[in-house]
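Taking it in order: structure first as structure tokens, then the write-up.
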Protein chains: 2
Amino acid sequence: MEAAIKTEEFLPLREPTFFILLSISNQKKHGYAILQDTESLSGGKIKLSNGTLYGALTRLLDQGLIERVPSDEPAASGKPRKAYQLTRTGASVLQAEIERLENLVRTARRHLPELTG
Amino acid sequence: MEAAIKTEEFLPLREPTFFILLSISNQKKHGYAILQDTESLSGGKIKLSNGTLYGALTRLLDQGLIERVPSDEPAASGKPRKAYQLTRTGASVLQAEIERLENLVRTARRHLPELTG
DNA sequence: TGTAATATGTCGATAACCGACATATTTAAT
DNA sequence: ATTAAATATGTCGGTTATCGACATATTACA
């Protein structure tokens, strides 16, 4: 059988990392676009700091959850932007994280039936 | 109006802290019972380390999210166990965290409609 | 011309977590 | 009776992701 990727090793994701992966899950983006997208996705609640963003990108590249790809955008002045997209592993991890979150909510609701929110 | 508690200041909770609060949300427990309950609640997936547990209990007491209460259990040999229960603030924080998790899942499913899992 | 937005990055501090170690009591087995 | 396992609480040092502050260059616009 295939060498199964142990997605659990990467879980749980912290909130900023979760949004970074989610942000690029439907299309590749460069750093600054991830910043804006995360703020938009979270309804303005979450504003990633630069330290978090670029630190996480470096880490995620290293872990093989994301990869660098050439940007579509006008390369303009010989300075190509850095676009990132999910790898298959990254997509698996994101999906596993969503399932983990759903389990968490289910467990909590089971344990606290009075909170039907 | 009442001095509203800013539950958001305590969020997001990390996984161990979430389970600690959830564990004592329906009845007071002492440390070791929280350890066992968390393992049970998580289907055996999560085993809190002692460092995490007692560190978190100290922190949560300090933050006013939990409080010490006398234990029902047989005090036995003059050594009273330390039982903990949620404060109102703690209950609010737990509820807010559950809602945050639900929002996260909703946002992710909206952004990734293909993952209907 | 200048200023805001875009875009990428570094650095030091903080906070929560983890595993390892320590220790005492209680229960159950041999 | 002795031992071993489970119960119960705690400390310590190390690791890691995050954060805000700082730095810098380019592009768009007023």
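The values are calculated or read from the model by the stated rules, or taken from the named source; none is laboratory data. This structure is a prediction, so every number in the text was calculated from the model and none was measured. As a convention, Cβ positions derive from the backbone with ideal geometry for all residues, glycine included, and neighbour counts pool all protein chains shown. Areas reflect the complete protein model, heavy atoms only, side chains present, ligands, DNA and RNA absent. Shrake-Rupley method; radii C 1.70, N 1.55, O 1.52, S 1.80 Å.
Points to keep in mind about this one:
- For residues of A:99-106, the mean tally of beta carbons on other chains within 10 Å: 5
- Springs between Cα atoms under 10 Å define the GNM used for chain A, and in it the highest mean-square fluctuation of A:22, A:104, A:35 occurs at A:104.
- 23 Å Cα cut-off, lysine pairs counted over chain A (separation 8 or more, or different chains): 9
- Volume per residue that the Cα convex hull of chain B spans, once the total is divided by residue count, Å³: 140 Å³
- Computed over the protein assembly as shown, the per-residue total of -39500 (n - 2.57) for DSSP H runs of n ≥ 4 gives a 222 nm mean residue ellipticity of -16000 deg cm²/dmol, rounded to 500.
- Per residue accessible area in Å² of the protein assembly as shown, where ligands, DNA and RNA are left out and the probe is 1.4 Å: 59 Å²
- Residues considered: B:59, B:14, B:68. Largest GNM mean-square fluctuation over chain B, using C-alpha springs under 10 Å, is found at B:14.
- Peptide B:27-33 has a mean of 0 when you count, residue by residue, the C-beta atoms of other protein chains within 10 Å of its C-beta.
- Taking label points 7 Å from Cα along the Cα-to-Cβ direction, residue A:39 and residue A:82 give a separation of 2.1 nm.
- Across the identical copies, how the residue B:105 labels are spaced - nm, sorted shortest first, 7 Å along Cα→Cβ: 0.4
- Taking amide H atoms as placed 1.01 Å from N in the peptide plane, the amide H of residue B:82 lies under 5 Å from those of B:31, each 5 or more residues away in sequence or on another chain.
- Selected from A:41, A:65, A:57 as most flexible by GNM, with chain A as the system and alpha-carbon contacts under 10 Å: A:41
- 14 Å beta-carbon shell around residue B:52, net charge (K/R +1, D/E -1): +1
- 3J(HN,Hα) along region A:21-29: 5, 4, 4, 9, 6, 9, 6, 4, 8 Hz, from the Karplus curve 6.51 cos²θ - 1.76 cosθ + 1.60 with θ = phi - 60°, whole Hz, x for Gly and Pro.
- With every protein chain in place, the protein assembly as shown: carbon and sulfur % of accessible area (1.4 Å): 50 percent
- Acute angle (nearest 10 degrees) that the helix B:88-111 long axis makes with the longest principal axis of chain B, alpha-carbon atoms: 30 degrees
- Distance (nanometres) between label positions extended 7 Å along Cα→Cβ at residue B:8 and residue A:68: 3.6 nm
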